[in-house]
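A.B. asks: Quick one: structure below, then a few questions.
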Amino acid sequence: MRLDDIDRRIVARLLEDGRASYAQIGDRVGLSAPAVKRRVDRLRADGVITGFAAVVDPAAVGWTTEAFIEIFCTGATSPEEIHSSVRGHPEVVAAYTISGDASALVHVRARDIQHLEQALERLRREDNITATKTSIVLSRLIGHPFDAPSGRPDPAGTASVTGQ
């Protein structure tokens, strides 16, 4: 779908403040509240806006340790197989296939180092994972803590757009 300038401005405003009313957005983009609602509904139907969520600081709910784990798999493991191996781990907040030596990069959150170690050991027990390399996050320099472990707010790591 092609977004016009007004659509982009609506999306930008929702990313800035997902709780902004249609009237407030309309004031910013030069449309009436009903016109903004129609556009937001279309953006949702077209998959541009994929959901609505609250953004919660993971540390506020006890998930204070963050790491990125390079996963090395046996042979030519498909992305679907990697997904199957990591999706059941509640600490995994995102997983990516990547270029380079590793098969995938997994972003995890845990309560503390002991919990991270337990999660890492569970990942290593997956049949198709042969090795891992872990980098623990010391501090976040750029970015937002939009991701939280499964079963907690915002498991997909999406930007926040709160319902109207």
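The values are calculated or read from the model by the stated rules, or taken from the named source; none is laboratory data. If you're wondering where the values come from, they're calculated on a predicted model, not measured in any experiment. Positions of Cβ are backbone-derived with ideal geometry, glycine not excepted, and every protein chain shown enters the neighbour counts. All accessible areas refer to the heavy atoms of the entire protein, side chains included, with ligands and DNA or RNA removed. Shrake-Rupley method; radii C 1.70, N 1.55, O 1.52, S 1.80 Å.
A.B. asks: Got a sec? Which of 99, 135 is among the hydroxyl-bearing types (Ser, Thr, Tyr), more than 17 Å from residue 59 (Cβ to Cβ) and part of a loop (DSSP other than H, G, I, E, B)?
C.D. replies: Unique residue meeting the criteria: 99.
A.B. asks: Scan 139, 150, 135 and give me the residue that is among the small types (Gly, Ala, Ser), at pLDDT 95 or above and open to solvent by 30 Å² or more (accessible area, probe 1.4 Å).
C.D. replies: Exactly one residue qualifies, and that residue is 135.
A.B. asks: Mind listing just one residue for me: the one in segment 70-101 that is touching a Lys or Arg at 6+ places or on another chain (Cβ under 7 Å) and under 16 Å from residue 132 (Cα atoms) and, of those, surrounded by the most Cβ atoms within 10 Å (Cβ to Cβ)?
C.D. replies: Applying the filter and picking the extreme gives 91.
A.B. asks: Any chance segment 15-35 includes a residue that's aliphatic (A, V, I, L, M), out of contact with any His (no Cβ under 8 Å at 6 or more places or on another chain), farther than 28 Å from residue 143 by Cβ and crowded, with 18+ Cβ neighbours inside 10 Å? Step through it out loud before you land on a result.
C.D. replies: Here is the first cut: in segment 15-35, the residues aliphatic (A, V, I, L, M) are 15, 20, 23, 25, 29, 31, 33, 35.
Then drop every residue that is not out of contact with any His (no Cβ under 8 Å at 6 or more places or on another chain), which leaves 15, 20, 23, 25, 29, 31, 33, 35.
With the extra rule that they be farther than 28 Å from residue 143 by Cβ, the set shrinks to 23, 31, 33, 35.
Still in the list and also crowded, with 18+ Cβ neighbours inside 10 Å: 31.
Checked segment 15-35: at least one residue is aliphatic (A, V, I, L, M), out of contact with any His (no Cβ under 8 Å at 6 or more places or on another chain), farther than 28 Å from residue 143 by Cβ and crowded, with 18+ Cβ neighbours inside 10 Å.
A.B. asks: Look through 103, 21, 78, 85 and report the one residue that is of a type outside the set (A, V, I, L, M) and without any contact (Cβ under 8 Å) to a residue 24 or more places away in the chain. First the steps, then the outcome.
C.D. replies: Numbers: 103 fails: without any contact (Cβ under 8 Å) to a residue 24 or more places away in the chain; 21 fails: without any contact (Cβ under 8 Å) to a residue 24 or more places away in the chain; 85 fails: without any contact (Cβ under 8 Å) to a residue 24 or more places away in the chain.
Only one candidate passes the filter, namely 78.
A.B. asks: Only residues that are more than 19 Å from residue 64 (Cβ to Cβ) and touching a Pro at 6+ places or on another chain (Cβ under 7 Å): list them for segment 77-131, please.
C.D. replies: Of everything in segment 77-131, just one residue is more than 19 Å from residue 64 (Cβ to Cβ) and touching a Pro at 6+ places or on another chain (Cβ under 7 Å), namely 97.
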